[in-house]
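Only the coordinates and a few stated rules stand behind these numbers; no lab work does. On a predicted model such as this, the values are computed, not experimentally measured, just so you know. Backbone-built Cβ (ideal geometry, glycine too); neighbour counts: all protein chains shown.
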Amino acid sequence: MGLFTFMTAETKRPIPVVGSGVEPFVVYLLRPGEDPVRQSIYKGDGKFGGIDAYQWCGEANAPHLGMDPGSMSSERLRQLGVFLTSGEVFRDIEGQLWVVGHDYEFLANNSVKRAPGNFGTPVEPGGLTPNELIANGDWHEVSPDELGWLRYPIKLVEDALLEYGDVGPSLCCRSPD
């Protein structure tokens, strides 16, 4: 499943994962029109107060992407939420959007092509790899948020009095390279 780490939306403080040696603190998952959901010790699984934040993100954003969340499994909704939060999308010099390796058939509007394999696998036409296309400047990364796909991002805060519209998204913490 992986380890999912976040920073709080209002303070940009990393949310400690249990067992990390960092003192935990209470955070709240915010959702539009709903009461904050309290989490005192975060396990790194993307769940806050029993709610899977990625699944919620997928469910909240599916309708404006032309998808029916009621017809999607919880795992598919979670995958959509993970993709919208931290997925990589590339735009080629002709404007075509691409994802690499992952099976994102839930982007069923055909506006996105899938490059099979990984960043070292040649893509047709032309036979260059995604790594080469990026290095050449033929592909540029764009985020799902930049494309307008992420209308309802995950928002985690320390202040339970904040409302969803008061803060921006909680950023994912990334490991240093």
*Between segment 124-150 and segment 28-82, the Cα center-to-center distance that results, in Å*: 27 Å
*Give the longest segment of the chain that steers clear of trypsin sites (Lys or Arg not before Pro) in DSSP loops with at most 14 neighbouring Cβ atoms within 10 Å, not counting the sites themselves.*
44-150
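Using the Cβ atoms and a cut-off under 13 Å, what net charge is assigned to the surroundings of Ile134, where Lys and Arg are +1 and Asp and Glu are -1?
-4
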*Taking the Cα centre of the chain as origin and charging only Cβ (+1 Lys, Arg; -1 Asp, Glu), how large is the dipole, in debye to the nearest 20?*
340 debye
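Need the full-extension length gain, Ala160 to Ser73, defined as separation in residues times 0.36 nm minus the C-alpha distance. One decimal, nm.
Working: separation 87, 0.36 × 87 = 31.32 nm, distance 3.04 nm.
Result for the pair: 28.3 nm of gain on full extension.
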*With axes computed from alpha carbons, what is the tilt in degrees of helix 74-86 against the longest principal axis of the chain, rounded to the nearest 10 within 0 to 90?*
80 degrees
*Taking every DSSP beta bridge that has both residues in the chain, what percent is antiparallel when rounded to the nearest 5?*
75 percent
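Determine the sum of side-chain charges near Val37: Lys and Arg each +1, Asp and Glu each -1, restricted to other residues whose C-beta is under 12 angstrom from that of Val37.
Numbers: positive: Arg31, Arg38, Lys47, Lys155; negative: Glu34, Asp35, Asp52.
Summing Lys and Arg as +1 and Asp and Glu as -1 gives +1.
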*Just name one of Leu84, Leu97, Pro125: the one whose Cα is farthest towards the positive end of the charge dipole of segment 18-129 (beta-carbon charges, Lys/Arg +1, Asp/Glu -1).*
Leu84
*Could you name the lysines in cross-link range of Lys43, using Cα to Cα under 29 Å and dropping any fewer than eight places away on the same chain?*
Lys12, Lys155
*Which whole-number percentage describes the relative contact order of segment 7-52, with Cα contacts under 8 Å and a sequence gap of 6 or more?*
29 percent
_Dimensionless Rg/Rh of segment 1-85 - Kirkwood Rh, Rg from C-alpha atoms_ = 0.99
*Would you mind checking which residues have amide H under 5 Å from Arg13's amide H? H placed 1.01 Å from N; only 5 or more apart, or other chain.*
Thr8
*Would you look at the GNM of the chain, springs on alpha carbons closer than 10 Å, and say which of Ser86, Ser73, Ser20 moves the most?*
Ser20
*Short version: ³J(HN,Hα) in whole Hz for each residue of segment 43-60, in order, from phi by Karplus 6.51 cos²θ - 1.76 cosθ + 1.60 (θ = phi - 60°), x for Gly and Pro, what are they?*
8, x, 9, x, 9, 10, x, x, 9, 6, 4, 5, 5, 4, 4, x, 5, 5
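For Val142 and Phe25, FRET efficiency with R0 = 45 Å and r from the beta-carbon atoms, rounded to 0.05?
Numbers: r = 34 Å, r/R0 = 0.75.
It comes out at approximately 0.85.
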*Would you pull out the residues with amide H under 5 Å of Phe4's amide H, same chain only if 5 or more places away, H placed 1.01 Å from N?*
Asp45, Gly46
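Got the relative contact order for the chain handy, in percent, Cα pairs under 8 Å and 6 or more residues apart?
Values: 308 pairs, mean separation 51.3, N = 177.
For the chain, the relative contact order is 29 percent.
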*So what does the Cα-only Debye profile of the chain read at q = 0.17, 0.20 Å⁻¹, as log10 I(q)/I(0), no solvent term?*
-1.08, -1.31
